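The structure under discussion appears below in the form of structure tokens.
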Amino acid sequence: MFKNLMVYRVGLDWQPTVEQIEDSLAKTTFVETGATQQQSMGWAPPRGIEHAPLIEDIGGHWLLKLMIEQRVLPSSVVKRRTDEMAERIEAETGRKPGKKQTKDLKEQATLELLPMAFTKQSAIRVWIAPAQHLLMIDAGSAGRAEEVVTLLIKELPGLNLHLIQTAEAPASCMAAWLMDGVPPEGFTIDRECELKSVDEMKSVVRYARHSLDIEEVRQHLTGGKSPTRLAMSWRDRVSFMLTDTLQIKKISFLDVVFEGRESGDKDEAFDADAAIATGELCKLIPELIDGLGGEHDFLAAGAALAERPSTPSAPEQEPEPEPKSADAEPAPWD
């Protein structure tokens, strides 16, 4: 159901109904790319069944699916066609096309080749947990997740999102766990990690299928390298890769999670998979955030900053008395 997650906090004032979200998503349903269109993006039924709802409510968790179709047109193919057109012009006119004309030729070549290009489809799942005020995007990169966030904010009125940020940096916590071998309660360190230096060399050390409780790893940490990825497991139920940007990647549900799960038709299997995934991850995510020092509270931090007293201004100094003139009357005590 989910392979990678980026976790966002949803504003408390956003409380739509499933029907309202369905109506909003219906305005941008997925349509396959046209002959000269490089990419098409839109919402599709999460079940993969035509004309099914665009939002599924499984046990109070809302599931969406964004479909993306791209025409695969290698840049080398476009360049070769552009060069052919430029050579023909040079042969006919006796001069090479300039920069502006070459750019126009490239655009012309792209439009000419797009209808013959293969298409590639991909899907990004979105999971909204309204009771927890969380929204998760199953995206492999931050850039792709931001595209989805932009579309969601545009399509769903009043939606306000910000990436979850923890009180302690994930890289610092992962380094501490590797140094002392003590991860947060309920978590274990698995056999994969990536360490990267923060200097200009950007040297990288990767361990795969290797014990991490060794002196060599600790030497890399004390030598200035910082963890960027760390494989972990949660309560022997879910394995995943934690990154220094708080992405949860390579999510895999362990066999114990599926004990007692009955096989059924496609609809029943979808409901069961969705219930298992949301049920397990909805417990894992808060425990992981707690293990990273808890969530950074932007509202509390902003309120504290607003209530901070301003720096008092310096007291006004009394003006110095004017100097006496030479012929002034002396005071009685002079």
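The values are calculated or read from the model by the stated rules, or taken from the named source; none is laboratory data. What you see is a predicted model; the values in this text were computed from it and never measured. Methodologically, a virtual Cβ is constructed for each residue, glycine included, from the backbone with ideal geometry; neighbour enumeration extends over all protein chains shown. Heads up: the accessible areas ignore ligands, DNA and RNA and are worked out on the full protein's heavy atoms, side chains in. Shrake-Rupley method; radii C 1.70, N 1.55, O 1.52, S 1.80 Å.
Remark: the chain carries 60 Å² of accessible area per residue (probe radius 1.4 Å; ligands, DNA and RNA excluded).
Across region 32-104, the relative contact order, built from alpha-carbon pairs under 8 Å that are at least six residues apart, equals 24 percent. Computed from point charges on the beta carbon alone (+1 for Lys and Arg, -1 for Asp and Glu), the dipole magnitude for region 186-268 about its Cα centre is near 340 Debye.
For the chain, what's the relative contact order in percent, using C-alpha pairs closer than 8 Å and at least 6 residues apart? The value is 18 percent.
Pairs Lys27/Lys120; Lys120/Lys154; Lys79/Lys249; Lys3/Lys154; Lys65/Lys250; Lys154/Lys249: which are spaced more than 30 Å apart, C-alpha to C-alpha? Pairs exceeding 30 Å: Lys79/Lys249. Distance from the alpha carbon centroid of region 146-224 to that of region 31-70 works out to 31 angstrom.
Just the protein heavy atoms count here, and of the accessible area of the chain at 1.4 Å, carbon and sulfur take up 51 percent.
Helical content of the chain, expressed as a calculated mean residue ellipticity at 222 nm, amounts to -10500 deg cm²/dmol (DSSP H runs of 4 or more residues, -39,500 (n - 2.57) each, divided by residue number, nearest 500). Note on Asp180 and Leu161: their simple-model spin labels are 3.6 nm apart, each label 7 Å out from Cα toward Cβ. Taking the Cα centre of the chain as origin and assigning +1 to Lys and Arg Cβ atoms and -1 to Asp and Glu Cβ atoms, the resulting dipole is close to 2200 debye. In region 28-122, a dipole from Cβ-located charges (positive for Lys and Arg, negative for Asp and Glu) runs towards its positive end, and of Gln121, Ile58, Thr29 it is Gln121 whose Cα lies farthest in that direction. For the chain, the residue among Val257, Leu105, Val10 whose Cα projects farthest onto the positive side of the dipole built from Cβ charges is Leu105.
Restriction of the trypsin sites (Lys or Arg not before Pro) in region 66-102 to DSSP coil positions whose beta-carbon has at most 13 other beta-carbons within 10 angstrom yields Arg95.
Principal axis extents of the C-alpha atoms in the chain (largest first, rounded to whole Å): 109, 75, 54. Computed on the Cα atoms alone, the convex hull of region 1-108 gives a volume of 186 cubic angstrom per residue. Exposure here means at most 11 other Cβ atoms within 10 Å; with GluC sites (Glu not before Pro) in a DSSP loop as sites, the longest stretch of the chain lacking them is 51-184. Here region 1-125 is treated with +1 on each Lys and Arg Cβ and -1 on each Asp and Glu Cβ, and its dipole about the Cα centre works out to around 740 debye.
If R0 is taken as 45 Å, the Cβ-Cβ distance between Ala91 and Ser122 corresponds to a FRET efficiency of 0.60.
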